[in-house]
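Student: Structure below; questions to follow.
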Amino acid sequence: MTNNNIISDERYGKLWNQTRDFIDEHCIIRAEPGTYMDGKLEGSRYTWVFYLRNGLYRTDFLSAITQMWMKKVHDEIGHFDFQLSGLETAATPMIVGMPIYAQVFGVNLNGFSIRKEQKTYAMKNWIEGGTTEQPVMLLDDLSNSGNSLRKAYDILEWHHMNTFECAFTIVNKVNEGVHDDNMTTDFLLPEHIKIMSLFTLDDFNLVGNVELH
């Protein structure tokens, strides 16, 4: 892979702004003023929630995410010697789409999906698709939001598969000055696994809970 396969800083900035605006308009569900949505913890309430599947099943959105991700990997890691995986279903379009788009830019990647629940018949498998001996870069739509990254990590451990030193999410649900300990980590993953993300809550003028959950 050469630098010719990677987008320029100018192109990255344009895609970042376009994607940020799309997420803000189409992938953040906001309650009407004075109303709330039920939270995932008993008794909790939300005034906003991310729903990135509104973007992840669009080819233009997934193309932009892939191009920006490739630039960050190139600049910050320097190689693509890993395979991709994550927990269904938020990670599924990235696991399928990112290798397809990456191939256009000369990068070949393997991907496979991790089931939320073990299949109850026949092979009784947790993993869907073929795997390689390469370490696994975990993918998800959000980090520091729930336990899906940790569950995927644990299932890989059960299968004696190595997890790559970096995981990728579109949005890291943290605020600078509030969650400084988790700006590059996930609160449930081992600390040696760093989080690479495109956006934080600050990019959408949102404020998260002081205590991550």
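The values are calculated or read from the model by the stated rules, or taken from the named source; none is laboratory data. All values derive from a computational prediction rather than experimental measurement. When we count neighbours, we look across all protein chains shown, and the Cβ atoms used for this are built from the backbone with ideal geometry, even at glycine.
Student: Among the residues of segment 95-116, is any polar (S, T, N, Q), without any contact (Cβ under 8 Å) to a residue 40 or more places away in the chain and in contact with a strand residue (DSSP E or B) (Cβ under 6 Å, 6 or more places away or on another chain)?
Tutor: Taking every residue of segment 95-116 in turn, at least one turns out to be polar (S, T, N, Q), without any contact (Cβ under 8 Å) to a residue 40 or more places away in the chain and in contact with a strand residue (DSSP E or B) (Cβ under 6 Å, 6 or more places away or on another chain).
Student: Hey, another quick one. More than 25 Å from LEU41 (Cα to Cα), in contact (Cβ under 8 Å) with a residue 60 or more places away in the chain, surrounded by 19 or more Cβ atoms within 10 Å (Cβ to Cβ) and not β-branched (Val, Ile, Thr): does that describe LEU149?
Tutor: no
Student: Go through segment 76-116 and give me each residue that's assigned to a helix (DSSP H, G or I) and among the polar types (S, T, N, Q).
Tutor: Passing the criteria: THR92, GLN103.
Student: Can you name the residue in segment 167-190 that is farther than 24 Å from ILE28 by Cα and surrounded by fewer than 19 Cβ atoms within 10 Å (Cβ to Cβ) and, of all such residues, is modelled with the highest pLDDT?
Tutor: If we take residues in segment 167-190 being farther than 24 Å from ILE28 by Cα and surrounded by fewer than 19 Cβ atoms within 10 Å (Cβ to Cβ), then PRO190 is modelled with the highest pLDDT.
Student: Given the criterion in contact (Cβ under 8 Å) with a residue 12 or more places away in the chain and either of a type in the set (Gly, Ala, Ser) or more than 30 Å from TRP126 (Cα to Cα) (or both), identify the matching residue among ILE65, ILE23.
Tutor: ILE23
Student: Can I ask one more? Which of the numbered conditions does THR131 fail, given that it passes all the others? Conditions: (1) closer than 10 Å to GLY86 by Cα; (2) over 19 Å from the mean Cα position of the chain (by Cα).
Tutor: (1)
Student: Same structure again: Name the strands (runs of 3 or more DSSP E) wholly inside segment 119-213 in which the number of residues that are in contact with a Cys (Cβ under 8 Å, 6 or more places away or on another chain) is 1 or more.
Tutor: 136-143, 194-200
Residues are listed down the side, and each one gets a yes or a no for (1) of a type in the set (Asp, Glu); (2) more than 15 Å from the chain's Cα centre (by Cα); (3) assigned to a helix (DSSP H, G or I); (4) surrounded by 14 or more Cβ atoms within 10 Å (Cβ to Cβ):
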{"position": "ILE7", "(1), (2), (3), (4)": "no, yes, no, yes"}
{"position": "LYS14", "(1), (2), (3), (4)": "no, yes, yes, no"}
{"position": "ILE29", "(1), (2), (3), (4)": "no, yes, no, no"}
{"position": "GLU32", "(1), (2), (3), (4)": "yes, yes, no, no"}
{"position": "LEU41", "(1), (2), (3), (4)": "no, yes, no, no"}
{"position": "VAL49", "(1), (2), (3), (4)": "no, yes, no, yes"}
{"position": "PHE61", "(1), (2), (3), (4)": "no, no, yes, yes"}
{"position": "LYS71", "(1), (2), (3), (4)": "no, yes, yes, yes"}
